[in-house]
Amino acid sequence: MRLYLSKCNDKLNTKELNTEFITQSVCLNPKYKGITIRNPNAKILMDSGAFQDTDKDKRIPVEEALERQLKLEQKIGMVSERIVAYDHIGNVEDTIMANRYLISRREELKPRQLVLMIQGATIKEYIECLVKTLEMSSPEDCIGLGGVAMSGRVNEIKFKLLDAIKIGLPIICKSKVKDVHIFGVGTFNVLKEVAYIREVLEIVGVNTDLLNISCDTSSFEIMSTMGSVIDEDQEKWIKTYNKQQKFIDYHPADLTIENMHKAKKIIEAI
């Protein structure tokens, strides 16, 4: 599974992060404007900022959302590998409208891959959004599974993601789209469950071999700052340091880099 590491800061507690040198696959968000990319080989997933605009009074027009993404590209001096539609959590109508708008700009946005988003308050709405989005998609597009970022902590959201995978992957397999991205999910056990579902689908005759599944997460900076360390053998986070040990026994930036290397290794093997 391909992991896009989110870069939210150039520095963490005054130390350089250099996320784009840990992996070439980097997720950027236009809501975080003070970002630079120094690795010219970085492959950028340009998120839309929709998750941060969840509150109704923070929502902006889809045209403005796209311009915000393109301005960040201009700032870092790079063209994104993927650019994401400005979805609306739990709202199918707004999300489909955002997908349609991005599709209408397809030619001028090339060579960027369009990431068409899926949302829904219920699994039924989620699948309906998927079906309608696939109807207007192109084989070169990527399907983005949104509204699942808390799946590592909230069972209801985790089950929503897993149900979407169980029902949605066979539907995607019948389409010509081959790329699927899971937004805001870097939890090892959840991603392993996704891989297990793929194995089961293969057993019952659904060929998922041609699907390329990727994910992203910004949780590593947060977890590392709080003193948690990835245990590679157990493939889980271990609370290792307390608040008093911060800057004495560990530095958040150094620990973030260490954990990112470990996470990349684990997730890419899933």
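Points to keep in mind about this one:
- Here the condition is being within 24 Å of residue 2 (Cβ to Cβ), under 14 Å from the mean Cα position of the chain (by Cα) and modelled with pLDDT of 95 or more; of 29, 41, it holds for 29 alone.
- A residue that is crowded, with 20+ Cβ neighbours inside 10 Å, of a type in the set (A, V, I, L, M, F, W, C) and modelled with pLDDT under 95 cannot be found anywhere in region 188-201.
- In region 205-239, residue farthest from residue 18 (Cα to Cα) [restricted to those that are among the small types (Gly, Ala, Ser), modelled with pLDDT under 95 and assigned to a loop (DSSP other than H, G, I, E, B)]: 205
- Any pair with Cβ under 9 angstrom, 6 or more apart, that starts in region 51-71 at a residue that is more than 15 Å from residue 94 (Cβ to Cβ) and at pLDDT 95 or above and ends at one that is crowded, with 17+ Cβ neighbours inside 10 Å and among the aliphatic types (A, V, I, L, M): 69/28; 69/46; 69/83; 69/84; 70/46; 70/83; 70/109
- Scan region 26-39 for residues that are in a loop (DSSP other than H, G, I, E, B) and closer than 14 Å to residue 216 by Cα and the total you get is 1.
- Among residues of region 112-126 that are over 12 Å from residue 84 (Cβ atoms), those with a beta-carbon under 9 Å from a residue that is at pLDDT 95 or above and of a type in the set (Asp, Glu) at least six positions away or on a different chain give the pairs 119/87; 119/94; 119/125; 120/128; 123/163; 126/163.
- In this structure, residue 144 does satisfy being in contact (Cβ under 8 Å) with a residue 24 or more places away in the chain and in contact with a strand residue (DSSP E or B) (Cβ under 7 Å, 6 or more places away or on another chain).
- If the condition is being in a helix (DSSP H, G or I), of a type in the set (A, V, I, L, M, F, W, C) and more than 16 Å from residue 123 (Cα to Cα), then region 148-193 contributes 173, 188, 190, 191.
- Of the helices (runs of 4 or more DSSP H) lying entirely inside region 40-140, those containing at least 3 residues that are of a type in the set (Val, Ile, Thr) span 92-104, 123-135.
- Within region 1-29, residues that are in contact (Cβ under 8 Å) with a residue 40 or more places away in the chain have Cβ atoms under 6 Å from residues that are assigned to a strand (DSSP E or B) and of a type in the set (Phe, Trp, Tyr) in these pairs: 25/4; 27/4, counting only partners at least 6 apart in sequence or on another chain.
- Residue under evaluation residue 220, criteria (1) aromatic (Phe, Trp, Tyr); (2) over 17 Å from residue 162 (Cα atoms); (3) without any contact (Cβ under 8 Å) to a residue 12 or more places away in the chain, criterion not met: (3)
- Output for region 236-261, where each listed residue is touching a residue at least 24 places away in the same chain (Cβ under 8 Å) and surrounded by 17 or more Cβ atoms within 10 Å (Cβ to Cβ): 251, 252, 253, 255, 256, 257, 259, 260
- Qualifying residue in region 103-111 (condition: within 18 Å of the chain's Cα centre (by Cα) and not small (Gly, Ala, Ser)): no
- Counting the residues of region 1-25 that are acidic (Asp, Glu), surrounded by 15 or more Cβ atoms within 10 Å (Cβ to Cβ) and either modelled with pLDDT of 95 or more or not in a loop (DSSP other than H, G, I, E, B) (or both) gives 1.
The values are calculated or read from the model by the stated rules, or taken from the named source; none is laboratory data. Keep in mind that what you see is a predicted model, and the values were worked out from it rather than measured. Counting neighbours? That spans all protein chains shown, and the Cβs are built from the backbone with ideal geometry, glycine included.
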